[in-house]
1. Quick one: in region 232-264, of everything that is buried (at least 23 other Cβ atoms within 10 Å of the Cβ) and not in a helix (DSSP H, G or I), which residue is nearest to ligand 2 (Cβ to nearest atom)?
2. Being under 20 Å from residue 333 (Cα atoms), in contact (Cβ under 8 Å) with a residue 24 or more places away in the chain, away from ligand 1 (no atom under 16 Å from the Cβ) and in a helix (DSSP H, G or I), is that true of even one residue in region 312-319?
3. Quick check on region 162-182. Is at least one of its residues more than 16 Å from ligand 1 (Cβ to nearest atom), in contact (Cβ under 8 Å) with a residue 24 or more places away in the chain and buried (at least 24 other Cβ atoms within 10 Å of the Cβ)?
4. Sort out which residues of region 184-208 are more than 9 Å from the chain's Cα centre (by Cα) and under 18 Å from residue 48 (Cβ atoms), and write them in order of number.
5. For region 347-360, which positions are farther than 12 Å from residue 23 by Cα and away from ligand 2 (no atom under 16 Å from the Cβ)?
6. So, residue 127, is that one at negative phi, within 16 Å of ligand 1 (Cβ to nearest atom) and not in a loop (DSSP other than H, G, I, E, B) or not?
7. Can you go through 199, 203 and tell me which one is more than 14 Å from ligand 2 (Cβ to nearest atom), without any contact (Cβ under 8 Å) to a residue 24 or more places away in the chain and under 22 Å from residue 135 (Cα atoms)?
Ligand SMILES: Nc1ncnc2c1ncn2[C@@H]1O[C@H](COP(=O)(O)OP(=O)(O)OP(=O)(O)O)[C@@H](O)[C@H]1O
Ligand SMILES: [Mg+2]
């Protein structure tokens, strides 16, 4: 069978702690992305979002990609991959230059972003993203597209994201060992934001909370731009582990019990409901109250949301996000999380299902695919602007990347 031409295809590869997902999208002439293939494989080579076993990660990527190829009837050569973990750091920076010809040119933009990038980054970290927030020309601030505007001095305010060199290398190594190229590496919560947040919410001020298996990744947006990112090492795996310890049951059963019966609010479970819990070793299974399970789960989710609250307060963004919180990722599928988060943070909370793509919607319309779909949308915007970017980029390609972001959402 004739293979589809690779040109119009974009592939998002979400390398998560619990699963690795490859999603193939076909970009329509009007820019709409149609999902035509999806491959998912359990991931065993990652711990808290970071590759700890290259061989096993490589195998999972290979399987997920093969499955996606089969479904989409295509050959995958390159992917937009996500990156996350506690090694990721972010900071706001700014740069300023003199406008050469009284009118801002693309060259001036390039120089001002280069100057905003010039901050002391530890030797073991590298800059992954330079995300423009706004430009200032002389005394006018809040400018989103300065090219063509008159003035003397151009200033750029940007959000810089850095990641550990070794973690970046390990992800790219795993992908390369599968014979694939990395089009670009994208911070996972930034990718998820493309799939679940609306422009209005980003303008008003909102925090995205992606509760995965290994980490909970947060991104804060105000006035249409990303302002703050953080990574909290409390997520689904810890909840499962708590259940395994508290109910004295093997982890696989704890995971199953969590997905079937758990809820994040004790009052949601009635006292007369009981569940069968397998025991370890050859002891017989026992029956426990569902409320006992809910107590264990609620305690961990409370801790997680208290951390989110504390960090939002410390970063100064708590009062700047009137649109509240959007929860996504597998951990957000727990019954009662929205209510619990509202109670702890005192702000509106909603669930974020991936939007903005068509085709296979019953498959991708799932919080666990927020990052994968987001990578696809990000990639399609890059492709639409005619820029296929390889990592190990030059100055010029950094510029094209930044320009694309700017022409896109930020
Ligand atoms: N229905 C559900 N109820 C509660 N938890 C769920 C449900 N479905 C999945 N989860 C949990 O969500 C987690 C997986 O989420 P997700 O797929 O977003 O993580 P990941 O992307 O693999 O990990 P990470 O982003 O941390 O690297 C697991 O801990 C799983 O137990
Ligand atoms: Mg994830």
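1. Result: 235.
2. From region 312-319, those under 20 Å from residue 333 (Cα atoms) are none; that's our starting set.
No, every residue in region 312-319 fails to be under 20 Å from residue 333 (Cα atoms), in contact (Cβ under 8 Å) with a residue 24 or more places away in the chain, away from ligand 1 (no atom under 16 Å from the Cβ) and in a helix (DSSP H, G or I).
3. no
4. If the condition is that a residue be more than 9 Å from the chain's Cα centre (by Cα) and under 18 Å from residue 48 (Cβ atoms), then 185 is the only one that fits.
5. Here is the first cut: in region 347-360, the ones farther than 12 Å from residue 23 by Cα are 347-356, 358.
Matches in region 347-360: 347, 348, 349, 350, 355, 356, 358.
6. Working: at negative phi: yes; within 16 Å of ligand 1 (Cβ to nearest atom): no; not in a loop (DSSP other than H, G, I, E, B): yes.
Spelling it out, it is not the case that residue 127 is at negative phi, within 16 Å of ligand 1 (Cβ to nearest atom) and not in a loop (DSSP other than H, G, I, E, B).
7. Working: 199 fails: without any contact (Cβ under 8 Å) to a residue 24 or more places away in the chain.
Only one candidate passes the filter, namely 203.
The numbers here are math on the coordinates, done by the rules we state, and not lab data. Just so you know, these numbers come straight off a predicted model, no measurement behind them. When we count neighbours, we look across all protein chains shown, and the Cβ atoms used for this are built from the backbone with ideal geometry, even at glycine.
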